[in-house]
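What follows draws every value from the coordinates through simple rules; no lab data is involved. Note that the structure is predicted; figures quoted are calculated from it, not measured. Ideal geometry is used to build each Cβ from the backbone, glycine not excepted, and the neighbour counts take in all protein chains shown.
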Amino acid sequence: MEHLKYQAKDLLRGIAANDPGAAQRIREFHPGWTKASDEEVFRASFRLSDAQLAIAREYGFANWTRLKRRIERPRPSDQISLPHHERIDDPVFRRGVELIDAGDVQGLREHLRKHPGLVRQRVEFEGGNYFRNPGLLEFIAENPIRHGRMPKNILEITKVILDAGIEQSAIDDTLMLVATGCVPRECGEQIPLIGLLCDRGADPNRAAEVAAVLFEKQAVVALMVCGARMTLPLAAALGDYEQIRSLLPKADPHERHLALALAAQYGYALSVQMLLDAGEDPNRFSPIGGHSHSTPLHQAALNGHLDVVKVLMEHGAKIDVKDILFGGTGADWARHGGKKEVEAYLRGLEVKPPTR
């Protein structure tokens, strides 16, 4: 607890020092400041309790009190090293997940008949950045990874739960997990599950941009087939320059921000050029939900996109900006990703910065 208190005080000091990284953390983890600019955060009068709330939520807890309880009075279900199905306290819910994992269609159908309220029930997990309050349906996605595989009859299993009268929000949440999960893709079930969930009313628009952020491009295409509309961020992720030109004039600030992050991440130098020419800031941390701990330079360097790195530097990207999680520069990220050419280029600029 003492260490966490020091982290909260460090966050306050960062805000007082006008540190953009501190502002980004407040924006992402303090619910009252989600849409605030850096300047608005720096002008505000934050208390220690505000910083503690942000720290608690950064660690995956609703508030400081819940984080304190975890440390001082841990329960068996608090063991975050365990897979999620082993952390479920409710025996009825846990049995439902076991039947899903076993691919037992008849057993699951009978279990739901005996416990009709189970499809509307949710369990709570703390200490992570997603999958915090899932219902039974979300467990079909194997995201987060629990076993590393799916039952071969996962479509039939999913239909059993859907037929039991599932809530719309659960269907949407499950689509998000399926579209962003590597196990559904690797098992060849991602596209069929996307089709099934969308046929049952899931909104493909909610999942499309998140899938693009997490490099699930085949899921993006499948979601667009199911009706997801083309947006500026999706056009940037797909390298569709004509769509970028068409959508850019009417795009809102968030769409432009995310589009730059995606274009840099995927290595589309022309897209990056277009967005920077339209006024996007190369030194701004990426938006929440879009690798927000890093800047476009970090993402371009990590993925080895030298042409994008050069475009960013020509437009004023700062070479010494450090990411929030690991404290690394773009050159450090290139080294971590094994992108020697990009690292050499950026290390050279550390000695002699470019002139515009």
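Worth pointing out:
- Modelled spin labels at His293 and Lys9, positioned 7 Å past Cα toward Cβ, are 2.4 nm from each other.
- Just checking the listed ones, Pro192, Pro74, Pro134: in the Gaussian network model of the chain with Cα springs under 10 Å, the one fluctuating most is Pro74.
- Near the amide H of Phe61, within less than 5 Å, lie the amide hydrogens of Gly127, all on another chain or at least 5 residues away, with H placed in the peptide plane.
- Along the range 228-234 the Karplus relation, 6.51 cos²θ - 1.76 cosθ + 1.60 evaluated at θ = phi - 60°, assigns HN-Hα couplings of 5, 7, 6, 10, 4, x, 5 Hz to successive residues, with x for each Gly and Pro.
- Two-site FRET efficiency, Arg200 against Asn153, from Cβ-Cβ distance with R₀ of 30 Å, rounded to 0.05: 0.95
- Other-chain or far-sequence residues with amide H under 5 Å of Cys226's (modelled H): none
- Between Met1 and Tyr241, the simple label model (points 7 Å from Cα in the Cβ direction) yields a spacing of 6.0 nm.
- Net charge of neighbours whose Cβ lies under 15 Å from the Cβ of Ile145, counting Lys and Arg as +1 and Asp and Glu as -1: -3
- Diffusion coefficient of the range 233-351 by Stokes-Einstein, Kirkwood radius over Cα pairs, 20 °C, 1.002 mPa s: 155 µm²/s.
- Once the Cα-Cα distance is subtracted from the 0.36 nm per residue extended length, the Ser169 to Asp277 segment shows a gain of 35.0 nm.
- Between His336 and Gln106, the contour length at 0.36 nm per residue exceeds the Cα-Cα span by 78.0 nm.
- Computed Kirkwood radius, in angstrom, where 1/r is averaged over Cα pairs of the range 84-229: 15.1
- For Ile145, residues with placed amide H under 5 Å, excluding near neighbours: none
- Net length available on complete extension from Met224 to Glu186 is 11.7 nm, with 0.36 nm assigned per residue and the Cα-Cα distance removed.
- Calculated FRET efficiency, Arg66 to Arg43, Cβ-Cβ distance, R0 = 30 Å: about 0.55 to the nearest 0.05.
- Spacing of the modelled spin labels on Glu98 and Glu124, each 7 Å from Cα toward Cβ, amounts to 2.5 nm.
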